[in-house]
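The values are calculated or read from the model by the stated rules, or taken from the named source; none is laboratory data. From a predicted model like this one, the values you see are computed outputs, not experimental measurements. Heads up, the Cβs are rebuilt from the backbone with ideal geometry, glycines too, and the neighbour counts pull from every protein chain shown.
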Amino acid sequence: MVISAWETYYPTLLHWLLVGGGIMLSVLIVYRILRFFGVGREAATGYALITPWILGFLIFSLYPFARSLYLSFTEYNIFQPPEWVGFDNYVKVFTTDRHFWPNLKFTLFYALLNVPLGMAGALGVALLLNRALRGIGVWRSVYYLPEVLPAAAVALLWGWILAPKSGLINFFLRPVYELFNLEPLQWFTDVNLVLPSFVIMGMWGVFGANAIILLAGLKNIPQELYEVADLDGANAWQKFRIVTIPMLSSALLYTLVTGVIAALQIFTQAFFITTPTRAPQFMSVMIYREAFTFRHMGYASALAWVLMIIILIATLGVFRSTSAYVYYEGEKG
Amino acid sequence: MTSTGKQSRPRMGIKSRRRLGSTITIALLLFFSLFVLIPFAFQLSTSLKTENQLFAYPIEWVPDPVAWDNYLEAFNQLGRIAPGLTFWRILANTLFITILAMTAELIAVSIVAYGFARFRFPGRNFLFLLMLSTMMLPSIITLIPTFLIWRNLELIDTYDPLVVAAWFGGGAWAVFLLRQFFMTIPKEIEEAAVIDGANTFQIYFQIMLPLIKPALLALGVLIFRGNWNNFMGPLIYLNTTIKFPMVVALKFFQESLSKEAPKWHYMMAMSTVMALPILALYFVAQRYFIEGLTMGAVKG
């Protein structure tokens, strides 16, 4: 049975227009009500304008946040009402679930390898693209290409590049295998190589957002600082250590924090690559499967909370351990 | 190129040293661009191979014969397992989601950002910090309850969850960027308009919107890309194959037709088609794309 496109678009289009109109109307209504109760003109306008966000915050952040916490203490399969089970889900996460610890370890190791390697690579790319050179714009366009591709397409491509038979990497490595009489590496299909394979795939991300951000940071460094360093007779390495790194520290911190958060939540790439069933999975994939394949909504919520707390600890850890090194212009200067 | 004698460092050869430096830079740029371009070339080349050519050693970079048919055949095969899911239908689905979500988000976000940037009201700083803190909230936490909201509304397997929620000014990150941008606009411009008797709506639409157009474009390109590439949303909310956008159609193809023996040539063809529109957008609006990516990190 084929449904026409219009039939599937029409109801949503209608809802979209209605909700959009409703939001605009609510802005006006909030303004009128506040004015009616004697709120000043400026304050009333301000509250009215942020109404869409306040509604969104209540409906799509605060409520789901609280509901998720509640669900994590229940057993819930969608079809029957949630049943309160106390801390059972959390106990199960940390004790009887055979998959939790391997999956957590896998996710953490991935972040631990992917983030520093990725940052170092992105910094290298940024330094290279920062050189004053004719036609550097063309190079930049080429270097940012991987950032534009959908994560799904990247995953699919790298699944093929790392294919054991006739993949690109094993094609290039074939002379090495033959020289040392080795068996070709099986990459994503070898349980022990799944993690390195994901890290290699992740390295393609050095050409992308982080490099763009770090390059912008490099361009913001006042040239005089390098001139002063020149007068003091600093060599290239010293200039890099004493000028570049401190002046870049806030951009580096930004890429570090967003990188840690993204690496711990990696989903799309993992979902597009078939790995052996015995291999550990990323936490986000595990949560997705518990929730939407097995319909364990309560248990999946508990897992999500554990992951969130781990992300929170990691982020705070990054902030605490770097606060002494990050230099903000205007704060001290 | 003679020594001026003033500096202890030899001036001789500074030009040739600079030339050497840029030669090395170009060599490095070339070398690393291979890491970008070879995978792209591999994808393109694979998409034009027959099944036998896939496993040839050494790799045939330019397949002979060139299997242009793959691009048609990939979608034919998809159409066989998902009746009606043609290339044009998938494109229309993707554009429908992307454009509606982007439009709603840009409108909502710019209004909210304007409110935060320009009007003083009690609790403004607290609310703004609250908004920023939602950026730290992992989407995995809100995923399940949000799914349940749409399920209670009986809107699963419609496009509603993917486009209607965009009206609620959700992107804290986008609000933050636009607010920063609004704050760089001198207040005198509005004050002059107020004296001329313009109301808030007129000021917003006739004065502020044109002024923040560059920022809106930069954000728009990023939001467009985000929605185009979004995978988890359509994966969770859409069940009927005919409604699938690009990314989910690709996953469906991979799952149902390539489970046993991956049809890499078809998958690479589909994935190339899927990436083309976004690549085209990148080349047209590259400036805005890069601006959008850097705005947050540098100013924030």
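Here are some notes:
- Matching residues, region B:281-300, being among the hydrophobic types (A, V, I, L, M, F, W, C) and either outside any helix (DSSP H, G or I) or at the interface with chain A (Cβ under 10 Å from one of its Cβ atoms) (or both): B:LEU281, B:PHE283, B:ALA285, B:PHE289, B:ILE290, B:LEU293, B:MET295, B:ALA297, B:VAL298
- Residue within region B:215-230 that is out of contact with any strand residue (DSSP E or B) (no Cβ under 8 Å at 6 or more places or on another chain), closer than 20 Å to A:ALA270 by Cβ and surrounded by fewer than 21 Cβ atoms within 10 Å (Cβ to Cβ) present: yes
- Residue-level check: of (1) surrounded by 17 or more Cβ atoms within 10 Å (Cβ to Cβ); (2) within 26 Å of B:TYR288 (Cβ to Cβ), B:THR158 misses just (2).
Yes/no matrix, rows are residues, columns are (1) in contact with a strand residue (DSSP E or B) (Cβ under 9 Å, 6 or more places away or on another chain); (2) under 22 Å from A:THR244 (Cα atoms); (3) buried (at least 20 other Cβ atoms within 10 Å of the Cβ); (4) at the interface with chain B (Cβ under 10 Å from one of its Cβ atoms):
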residue	(1), (2), (3), (4)
A:ALA132	no, yes, no, yes
A:GLY135	no, no, no, yes
A:TYR143	no, yes, yes, yes
A:ALA152	no, no, yes, yes
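- Residue list for region A:18-77, filter: over 19 Å from B:GLY171 (Cβ atoms) and aromatic (Phe, Trp, Tyr): A:TYR31, A:PHE36, A:PHE37, A:TYR47, A:TYR70, A:PHE73, A:TYR76
- Of all the listed residues (A:THR268, A:THR322), the sole one being in contact (Cβ under 8 Å) with a residue 24 or more places away in the chain and either of a type in the set (Phe, Trp, Tyr) or within 30 Å of A:ALA163 (Cβ to Cβ) (or both) is A:THR268.
- Of residues in region A:29-48 being closer than 18 Å to B:ARG179 by Cβ and surrounded by 15 or more Cβ atoms within 10 Å (Cβ to Cβ), the one farthest from the other protein chains (Cβ to nearest Cβ): A:ALA48
- Selected residue (criterion: farthest from B:THR103 (Cα to Cα)) from residues of region B:154-166 that are in contact with a Leu (Cβ under 9 Å, 6 or more places away or on another chain) and within 7 Å of chain A (Cβ to nearest Cβ): B:THR158
- Residue in region B:85-92 that is outside any helix (DSSP H, G or I), at pLDDT 95 or above and hydroxyl-bearing (Ser, Thr, Tyr) present: no
- A:GLY317 vs. criteria exposed (fewer than 14 other Cβ atoms within 10 Å of the Cβ), assigned by TED's automatic domain parsing to the domain that holds A:ASN103, at pLDDT 90 or above and more than 17 Å from the chain's Cα centre (by Cα): yes
- Of the helices (runs of 4 or more DSSP H) lying entirely inside region B:132-219, those containing at least 2 residues that are more than 21 Å from A:GLY22 (Cα to Cα) and in the same structural domain as B:ALA108 (by TED's automatic domain parsing) are B:139-152, B:172-183, B:188-195.
- Residue among B:PHE87, B:PHE75 that alone is touching a residue at least 40 places away in the same chain (Cβ under 8 Å), surrounded by fewer than 20 Cβ atoms within 10 Å (Cβ to Cβ) and more than 10 Å from chain A (Cβ to nearest Cβ): B:PHE87
- B:ARG151 meets all of the listed conditions (1) out of contact with any helix residue (DSSP H, G or I) (no Cβ under 9 Å at 6 or more places or on another chain); (2) more than 9 Å from chain A (Cβ to nearest Cβ); (3) not acidic (Asp, Glu) but one, namely (2).
- Selection count, region B:108-126, where residues are part of a helix (DSSP H, G or I) and either touching a residue at least 24 places away in the same chain (Cβ under 8 Å) or more than 7 Å from every other protein chain (Cβ to nearest Cβ) (or both): 12
- Residues (over 28 Å from the mean Cα position of the chain (by Cα) and crowded, with 20+ Cβ neighbours inside 10 Å) located in region A:159-203: A:ASN170
- Per-region count, region A:162-181, residues without any contact (Cβ under 8 Å) to a residue 12 or more places away in the chain and part of a helix (DSSP H, G or I): 10
- Region B:254-271, residues that are at the interface with chain A (Cβ under 10 Å from one of its Cβ atoms) and touching a Phe, Trp or Tyr at 6+ places or on another chain (Cβ under 8 Å): B:GLN254, B:SER258, B:PRO262, B:TRP264, B:MET267, B:MET268, B:MET270
- Of the set (1) out of contact with any Leu (no Cβ under 8 Å at 6 or more places or on another chain); (2) touching a residue at least 60 places away in the same chain (Cβ under 8 Å), all apply to A:ALA152 but (1).
- For region B:36-52, the set of residues classified as touching a residue at least 60 places away in the same chain (Cβ under 8 Å) and surrounded by fewer than 19 Cβ atoms within 10 Å (Cβ to Cβ) consists of B:LEU44, B:THR50, B:GLU51, listed by residue number.
- Within region A:49-78, residues that are more than 7 Å from chain B (Cβ to nearest Cβ) and under 24 Å from B:GLY115 (Cβ atoms) sit with their Cβ atoms under 6 Å from residues that are part of a helix (DSSP H, G or I) and of a type in the set (Gly, Ala, Ser), at 6+ positions apart or across chains, in these pairs: A:THR51/A:SER26.
- When region B:169-180 is limited to residues that are over 17 Å from the mean Cα position of the chain (by Cα) and over 14 Å from B:ILE111 (Cβ atoms), the one that is modelled with the highest pLDDT turns out to be B:PHE176.
- Helices (runs of 4 or more DSSP H) wholly inside region A:35-130 that include at least 2 residues being over 22 Å from A:ILE261 (Cα atoms) and more than 26 Å from the chain's Cα centre (by Cα): A:41-49, A:88-94
Here's the yes/no breakdown for (1) at pLDDT 85 or above; (2) in a loop (DSSP other than H, G, I, E, B); (3) in the same structural domain as B:ALA269 (by TED's automatic domain parsing); (4) closer than 30 Å to B:LEU250 by Cβ:
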position: B:THR4; (1), (2), (3), (4): no, yes, no, no
position: B:LEU29; (1), (2), (3), (4): yes, no, no, no
position: B:LEU34; (1), (2), (3), (4): yes, no, no, yes
position: B:PRO39; (1), (2), (3), (4): yes, no, no, yes
position: B:TYR57; (1), (2), (3), (4): no, yes, no, yes
position: B:VAL62; (1), (2), (3), (4): yes, yes, no, yes
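- Any hit, region B:208-223, residues being under 20 Å from B:THR94 (Cα atoms) and facing another protein chain (nearest Cβ under 9 Å): no
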